[in-house]
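The values are calculated or read from the model by the stated rules, or taken from the named source; none is laboratory data. Source: prediction; values computed, not measured. FYI the Cβ positions are ideal-geometry reconstructions off the backbone, even for glycines, and counts take in every protein chain you see.
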Amino acid sequence: MSLAAGTTVRLETVREAPPNGFILTDGERSVLLPYGEIAGERPNPGDLVEVFLFHDTLDRLTATTRKPLLRLGGVARLKVADAHPRYGCFLEMGLGRQLLLPNAELPRERELRPLPGDEVFVRMAHDKSGRIIAELAEEADLEKLTVSAPAAWFNRTVRGWVTRLVKAGAFVFVEGEALRAGVLGLIPHSEQTRPLRLGEAFEARVTYVRDDGRVNLSMRPRKEIGREEDAGRILAYLRGRNTGAMPYSDETPPDVIRRKFGISKAAFKRALGKLMREGVVRQEGSWTYLNDQQDQP
């Protein structure tokens, strides 16, 4: 038997070694089971003990009878206990110690990295020295935890966690109706009302149930509701300007609209169209004016 950190094995108790703990063996190699790592009764010489193996602070392979939330090769959603700018995130793994998710696994932008309390989907692996670390779970890992979304989820508000950030948006794991199972999905950048962090919990609306059982989501309200909110935002902006005018219209580039109002060009045009149909505003060239003010820029 090869003893490796991150695995659960059954070892024979050789002897007690005060003041440290008990010496366990697989017949070839011995490890220490410290007194502080014993959950329950102490073993007797000759007893077989099921233990989880890890490296202690001195890099010695050590045993514990505590049950971890994650084992080598497994996948789990772990809570962030602490975040260190130099090393990465430290995750709770159920042993009274944390598992490191290195900076190399995290987004370059610090504002997109997990905060304490966030929960990330990870798998346990070894670093070059054989110590256990966390890696972000891949799509193939998460597929083992998922089911297909039912068609009835369309327009439903669901809860989930961000599993990975990509150019297209945020890949997410959505809470499913079945115990311990979820659904994979994507929230495109255009459907985010703010940038999402890795590991952040969110609520979003299902906009499309795909043939493969995955979902597309949006943090924005349905169009008819969003149009009212967006129109109110534009109107408040116009009324807050002394001239009652703004240099934004149907001709304004989408990136400018998103930076200024936090909405898409299509949403801006829908809201502006609503205000014009109601006679509240008018457009002249590349400017938009309140109808109850005649001041020019």
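Here are some notes:
- Whichever residue in segment 239-285 is of a type in the set (A, V, I, L, M) and part of a loop (DSSP other than H, G, I, E, B) and, among such residues, is farthest from Arg194 (Cα to Cα): Val280
- Taking (1) surrounded by fewer than 20 Cβ atoms within 10 Å (Cβ to Cβ); (2) at pLDDT 95 or above; (3) not polar (S, T, N, Q) in turn, Phe154 satisfies each apart from (2).
- Checklist (1) in contact with a Lys or Arg (Cβ under 8 Å, 6 or more places away or on another chain); (2) under 23 Å from Ala266 (Cα atoms); (3) buried (at least 20 other Cβ atoms within 10 Å of the Cβ) applied to Trp161, failing item: (2)
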